[in-house]
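A.B. asks: Just passing along the structure, written as structure tokens.
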Amino acid sequence: MDMLDGIFSFVLLDTRDNSFIVARDAIGVTSLYIGWGLDGSVWISSELKGLNDDCEHFESFPPGHLYSSKERAFRRWYNPPWFSEAIPSAPYDPLALRHAFEKAVVKRLMTDVPFGVLLSGGLDSSLVAAVTARYLAGTKAAKQWGTKLHSFCVGLEGAPDLKAAKEVAEYIGTVHHEFHYTVQDGIDAIEDVIYHIETYDVTTIRASIPMFLMSRKIKSLGVKMVISGEGSDEIFGGYLYFHKAPNKEEFHQETCRKIKALHKYDCLRANKSTFAWGLEARVPFLDKEFIRVAMNIDPECKMIKKEEGRIEKWALRRAFDDEEHPYLPKHILYRQKEQFSDGVGYGWIDGLKAHAEKHVTDRMMLNAANIFPFNTPTTKEAYHYRMIFERFFPQNSARLTVPGGPSVACSTAKAVEWDAAWSNNLDPSGRAALGVHASAYGNQVKAVEPEKIIPKMEVSPLGVAI
């Protein structure tokens, strides 16, 4: 397993007795499910759709585990020190952190297909793109596909990500492709996205729709693999609610909980919204060795301390703050965290809420607990997604694969306790982090009306727009 570095999931079959062993990758970067038929058969699939017609029960295959058909049981093979949530004490070494990440990126440049990078203009994707561009020339991939790196970004017109991504692309010298979509384009794709990503989690759907639309365009250009920036926020406490972490112990324990749940959220989104179009997404931040290095750092060095000029993910930003050979412009390196579903345009989430308002009545919400007793939707947007999901996946096993519980700015339920005011402002958007996000709810203009936005196809100077 170490030889495979925990990147892949696989099945080993012993043809002598037809016994088998199934292993899932360390973090759950790729999706995997296991099911059991009434006849005692065991089924393995990368999608729920492969199991729901033949299995009496199915569930998410736990990351970092093996399943043996002989033992008919799971066994954990990946058991790093951070998994116990014990507080580490290694001193912060910015160069060691930088080198570990560079190795993780270079490792993912082993490919024999056309590839590029997803570039939102945020810290994580920008670092992925900058490191890829810096080391691409010395790889075998460059000999086959050339040294000019292609980057891709998606957003509504005027979205924060589009402007930042364009600037980063010009700085590091990529061939940049900018895709535009409208709120109505996204609304039209809701059902297809839920069918492909197989979840009713609100924040996952919000972010998956633009990624799904972008992946279709990327694949149409002949690109078959992209490198993306998922995982950094979980490792370094990058979500804005980490500003309220009361101490380093709770900060670290929350990062551990977030990494353990990645296969239900960001990994699921990145894997399924891209593979829906046959596009592979690789995530260097979730490299097993990089996680070991990053999660061994004393969490005091990751804490957000405004009085010392330390914003979210300060440890990562500082590691790439190279005055002599800069990776990124300073203001990009220290840009405030922007969740993908916000960065594509603030009108996006507002438009989704307005759309749900027209399809879910107040009376439907009053009966929500009776209709959906498990993970009862608490907003009209959540209720709307749940109805669509139940139509595609009506089995109880399917609904049990989706996580639930209160959340603010993508926090776990435990972290909601950090600020009493959050319990009255539960929303997974980063703008729900009141007093932290520069454009928090309450400071925004009126929500966008999706019906007033006319879908359009246009050509951008940087690429083809949806």
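The values are calculated or read from the model by the stated rules, or taken from the named source; none is laboratory data. Given the structure is predicted, the values throughout are model-derived calculations rather than measurements. For neighbour counting, all protein chains shown are included, and Cβ atoms are generated from backbone atoms with ideal geometry for every residue, glycine included. The protein model used for the area step is the full one, side chains on, heavy atoms only, and it has no ligands, DNA or RNA in it. Shrake-Rupley method; radii C 1.70, N 1.55, O 1.52, S 1.80 Å.
A.B. asks: Within region 72-89, can you find the residues that are of a type in the set (A, V, I, L, M, F, W, C) and either surrounded by fewer than 14 Cβ atoms within 10 Å (Cβ to Cβ) or more than 26 Å from V22 (Cα to Cα) (or both)?
C.D. replies: We begin by selecting, within region 72-89, every residue of a type in the set (A, V, I, L, M, F, W, C); these are 73-74, 77, 82-83, 86-87.
Hits for region 72-89 are A73, A86, I87.
A.B. asks: Okay, moving on. Could you list, in sequence order, all residues of region 98-127 that are hydrophobic (A, V, I, L, M, F, W, C) and over 19 Å from M295 (Cβ atoms)?
C.D. replies: Going through region 98-127, the residues hydrophobic (A, V, I, L, M, F, W, C) turn out to be 100-101, 104-106, 109-110, 113, 115, 117-119, 123, 127.
Across region 98-127, the qualifying residues are V106, L109, M110, V113, F115, V117, L118, L119.
A.B. asks: Looking at (1) at pLDDT 95 or above; (2) open to solvent by 20 Å² or more (accessible area, probe 1.4 Å), which is the one condition that is false for A104?
C.D. replies: Among (1) at pLDDT 95 or above; (2) open to solvent by 20 Å² or more (accessible area, probe 1.4 Å), A104 violates only (2).
A.B. asks: Now for a different question. Restricting attention to region 127-154, which residues are under 13 Å from G229 (Cα atoms) and in contact with a Gly (Cβ under 8 Å, 6 or more places away or on another chain)? Steps first, please.
C.D. replies: Going residue by residue through region 127-154, those that are under 13 Å from G229 (Cα atoms) are 127-132, 151-153.
Residues satisfying the conditions are L127, V128, S151, F152, C153.
A.B. asks: For K148, which of the numbered conditions (1) touching a helix residue (DSSP H, G or I) at 6+ places or on another chain (Cβ under 8 Å); (2) farther than 29 Å from W314 by Cα; (3) open to solvent by 60 Å² or more (accessible area, probe 1.4 Å) fails to hold?
C.D. replies: (1)
A.B. asks: Also: Are there any pairs with C-beta distances below 6 angstrom linking a residue in region 413-425 that is in contact (Cβ under 8 Å) with a residue 24 or more places away in the chain to a residue that is part of a loop (DSSP other than H, G, I, E, B), with the two at least 6 apart or on different chains, and if so which?
C.D. replies: Between residues of region 413-425 that are in contact (Cβ under 8 Å) with a residue 24 or more places away in the chain and residues that are part of a loop (DSSP other than H, G, I, E, B), the close pairs are W422/V408.
A.B. asks: Same structure, new question: Considering every residue within region 250-264, establish whether at least one is open to solvent by 40 Å² or more (accessible area, probe 1.4 Å), in the same structural domain as A133 (by the TED database), more than 15 Å from G231 (Cβ to Cβ) and over 20 Å from the mean Cα position of the chain (by Cα).
C.D. replies: Of the residues in region 250-264, the ones open to solvent by 40 Å² or more (accessible area, probe 1.4 Å) are 250, 253, 257, 260, 264.
Then keep just the ones that are in the same structural domain as A133 (by the TED database); that gives 250, 253, 257, 260, 264.
Remaining after also requiring more than 15 Å from G231 (Cβ to Cβ): 250, 253.
Applying the additional criterion that residues be over 20 Å from the mean Cα position of the chain (by Cα) yields 250.
Looking through region 250-264, at least one residue is open to solvent by 40 Å² or more (accessible area, probe 1.4 Å), in the same structural domain as A133 (by the TED database), more than 15 Å from G231 (Cβ to Cβ) and over 20 Å from the mean Cα position of the chain (by Cα).
A.B. asks: Check region 213-225 and report whether any residue there is modelled with pLDDT of 95 or more and within 14 Å of the chain's Cα centre (by Cα). So that I can check it myself, show each step before the final result.
C.D. replies: Residues of region 213-225 that are modelled with pLDDT of 95 or more, as a first pass: 213-225.
Those still in the list that are within 14 Å of the chain's Cα centre (by Cα) too: none.
No - not one qualifying residue is present in region 213-225.
A.B. asks: Shifting gears a bit: Can you pull out every residue in region 391-440 that is of a type in the set (D, E) and either at pLDDT 90 or above or open to solvent by 60 Å² or more (accessible area, probe 1.4 Å) (or both)? Even if it seems obvious, please write down each step before you answer.
C.D. replies: Taking region 391-440 as the starting set, the residues that turn out to be of a type in the set (D, E) are 417, 419, 427.
The answer is E417, and nothing else.
A.B. asks: Sticking with this structure for a sec: For region 374-383, enumerate the residues that are open to solvent by 20 Å² or more (accessible area, probe 1.4 Å) and within 20 Å of H359 (Cα to Cα).
C.D. replies: Let us first name the residues in region 374-383 that are open to solvent by 20 Å² or more (accessible area, probe 1.4 Å), namely 374-376, 378-380.
Of everything in region 374-383, those that are open to solvent by 20 Å² or more (accessible area, probe 1.4 Å) and within 20 Å of H359 (Cα to Cα) turn out to be N375, T376, T378, T379, K380.
A.B. asks: Further, regarding this structure: Name the pairs: first residue in region 263-285 and touching a residue at least 60 places away in the same chain (Cβ under 8 Å), second residue buried (at least 24 other Cβ atoms within 10 Å of the Cβ) and of a type in the set (K, R), Cβ to Cβ under 9 Å, at least 6 apart or on different chains?
C.D. replies: Final answer for the pair search is H263/R24.
A.B. asks: Please verify whether E381 is under 24 Å from the mean Cα position of the chain (by Cα), touching a residue at least 24 places away in the same chain (Cβ under 8 Å), in a helix (DSSP H, G or I) and within 27 Å of Y239 (Cα to Cα), treating the condition exactly as stated.
C.D. replies: Values: under 24 Å from the mean Cα position of the chain (by Cα): yes; touching a residue at least 24 places away in the same chain (Cβ under 8 Å): yes; in a helix (DSSP H, G or I): yes; within 27 Å of Y239 (Cα to Cα): yes.
Yes; evaluated as a whole, the condition is true for this residue.
A.B. asks: Something else about it: Filter region 334-353 down to the residues that are within 20 Å of the chain's Cα centre (by Cα) and either of a type in the set (S, T, Y) or modelled with pLDDT of 95 or more (or both), then identify the one that is nearest to Y265 (Cα to Cα). Give the steps one after another, and end with the answer.
C.D. replies: Let us first name the residues in region 334-353 that are within 20 Å of the chain's Cα centre (by Cα), namely 335-346, 348-349, 352.
Right, trim to either of a type in the set (S, T, Y) or modelled with pLDDT of 95 or more (or both) and you get 341, 346, 352.
Numbers: S341: 13, Y346: 21, L352: 19 Å.
Applying the filter and picking the extreme gives S341.
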